[in-house]
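What follows is one structure encoded as structure tokens, with my remarks underneath.
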């Protein structure tokens, strides 16, 4: 591929953009190398099935239940909060690629190996698709510099909010959210035809089907396209195609994947009929607005958009008035304080440690600055694309600042702007005569204008992590301990919130509460027991008929409960004070502690 000649505006001349074929082979080789590095890096987790997050375990359980005969439309996890179970708000779309790998591989290599292969391959494929879409976006807005085949993947994998959702064993849905959002972003930087609108609308519809967390990004795209249309810079046919695809695919996905409980209940944490009605209203309304303002100016278009926005909000409020606020707005205060406020990925940037703040903000700000710089010297179609990058970059930067796990898309959208800055500065650095100065300057530029800068600053400024309080000399980790627990007769256990998914994934036992907001009552009772007095804990645990109590002494959750009350029930257990209504059972690891509940006279106090 020939190197594109740049004109100093951060973009290639029109003749150079798109004339070269897409570098599929080179990109595949880069992805393959990155994948091999990640497999080596996470090899221990892969071979021991040590999933980094409880949600990955719950996803695996959901796939197991599906392959075990549970209905496609039944997302209930019956071994949490038995006998009713947890009515999951997750999507079967994320289960599908895992199931499609595990099902045919199991007869060949066994279930454990099939799950290991699937939990390694699927995140890496998601990463590869994201890299491809990001490179497509960059080539459409800047050009086809061969260096991008290396730089774009490097920026993707060094962006912590992206890689933390796409490494081997990370099979939760957040990686697919970033992937689908990147596809939509790349489509929008296309040539403005109906096709690009259809691709973007389809990707966003699937993104919202995977998680309603995609709704703010969908709104941001709609607002950006609508504003550009009102200003005369966006083709009406594309925004209509985008909204139509969003509505049609959302309806189809809902019918194909949503459990029947979502059709009639007041749930607000998933796409529901009220959302579908608004999507359809927006698509039809936009088509009518375009027709009504065909011969009018920007003011008439803005007025039509305002009327359409008010109508959409009013329609949603009329159909689902209980969903106008945040799904977490009415959360139980105890659950909010001791659970929700300790899930860092769901908190705003103001609640993050210094390294988290830098990771969320630094690279997106660099990308935004680069995009603004490129906009100032661009014109025509290139100017329109940079405007989209700026609008979506600002929107996703705000979303990431409000919810940390939303920062992945802001880092993807920052890549074109950061590369535009590199393209402007690279000729100056290359013009330095002395190699002893040129090489380190080039390295410094690459670090300063990539996500590596925020990682370096974060590691330099963040306090060192405290060492583990308990030295485990047993040579047996938590999974080894779970294997011992699995040999006990079936039981319903009262566990820490984050221990529950590990318990039900690794054993045949049942658990009470997990870290899922739909289990609000079990969450409240679990927290109240662990931070309450031993007498209060006895009333909850004995009264609930639980067979065992299971805790993880060195977990962050244990720290939260211990700090909440140094004399509370969990703090007493950690200090070695076992009440008479419990009997500690031996385990081959110090990472878990198991107690038998002594029902009868001890439980009656």
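Quick note: the coordinates plus some simple rules give every number you see, no bench work behind them. None of these values were measured; they are calculated from a predicted model. Here Cβ is always computed from backbone atoms with ideal geometry, including for glycine, and neighbour counts include all displayed protein chains.
Brief remarks follow.
- Compactness ratio for segment 121-204: Cα radius of gyration over 2.2 N^0.38 Å (N = residue count) comes to 1.09.
- Once you divide the Cα radius of gyration of segment 194-326 by 2.2 N^0.38 Å, the number left is 1.04.
- On Cα atoms only, tilt of 194-210 relative to the major axis of the chain in degrees: 10 degrees
- Sites residue 41 and residue 78 - FRET efficiency at Förster radius 35 Å, r taken between beta-carbons, to 0.05: 0.50
- Per-pair calculated FRET efficiency, R0 = 35 Å: residue 332 and residue 71 via Cβ, rounded to 0.05: 0.70
- Length-normalised contact order of segment 194-326 in % [C-alpha pairs under 8 Å, at least 6 apart]: 28 percent
- Quarter of Cα convex hull surface for segment 470-544, i.e. mean projection, nm²: 6.0 nm²
- Each stretch of four or more DSSP H residues adds -39500 (n - 2.57); spread over every residue of the chain, this sum gives -20000 deg cm²/dmol at 222 nm.
- In degrees, nearest ten, helix 354-376 long axis to first principal axis of the chain (Cα): 10 degrees
- Packing, as the average of other Cβ atoms within 10 Å across residues, places the peptides 219-230, 568-579 in the order 219-230, 568-579, highest first.
- Cα gyration tensor of segment 129-168 - equivalent ellipsoid semi-axes, whole Å, descending: 20, 10, 8
- Gain on full stretching of the segment that runs from residue 29 to residue 604 - 0.36 nm per residue minus C-alpha separation: 200.4 nm
- Mean Cβ count within 10 Å, highest first, over the residues of peptides 301-311, 258-268: 301-311, 258-268
- Each 10 Å bin from 0 upward holds the following percent of the Cα-Cα pairs of segment 478-604: 13, 50, 34, 2.
- Cα centroid of segment 47-66 to Cα centroid of segment 164-220, whole Å: 23 Å
- In terms of packing, defined here as the mean over residues of other Cβ atoms within 10 angstrom, the peptides 343-352, 530-539 line up highest first as 530-539, 343-352.
- In terms of overall dimensions, segment 269-372 has a Cα radius of gyration and Dmax of 20.0, 57 angstrom.
- Of interest is the spacing of the C-alpha centroids, which for segment 345-383 and segment 238-276 amounts to 31 Å.
- Taking all C-alpha pairs of segment 162-257, those more than 18 Å from each other amount to 45 percent.
- Over the chain, Cα pairs under 8 Å with separation of 6+ residues give a relative contact order of 14 percent.
- Spin-label pair residue 288/residue 313, simplified geometry with 7 Å Cα→Cβ offset, distance in nm: 1.9 nm
- Relative to the longest principal axis of the Cα atoms of the chain, the long axis of helix 236-257 makes an angle of roughly 20 degrees.
- For the chain, the Cα gyration tensor yields ellipsoid semi-axes of 46, 30, 22 Å (square root of five times each eigenvalue, largest first, whole Å).
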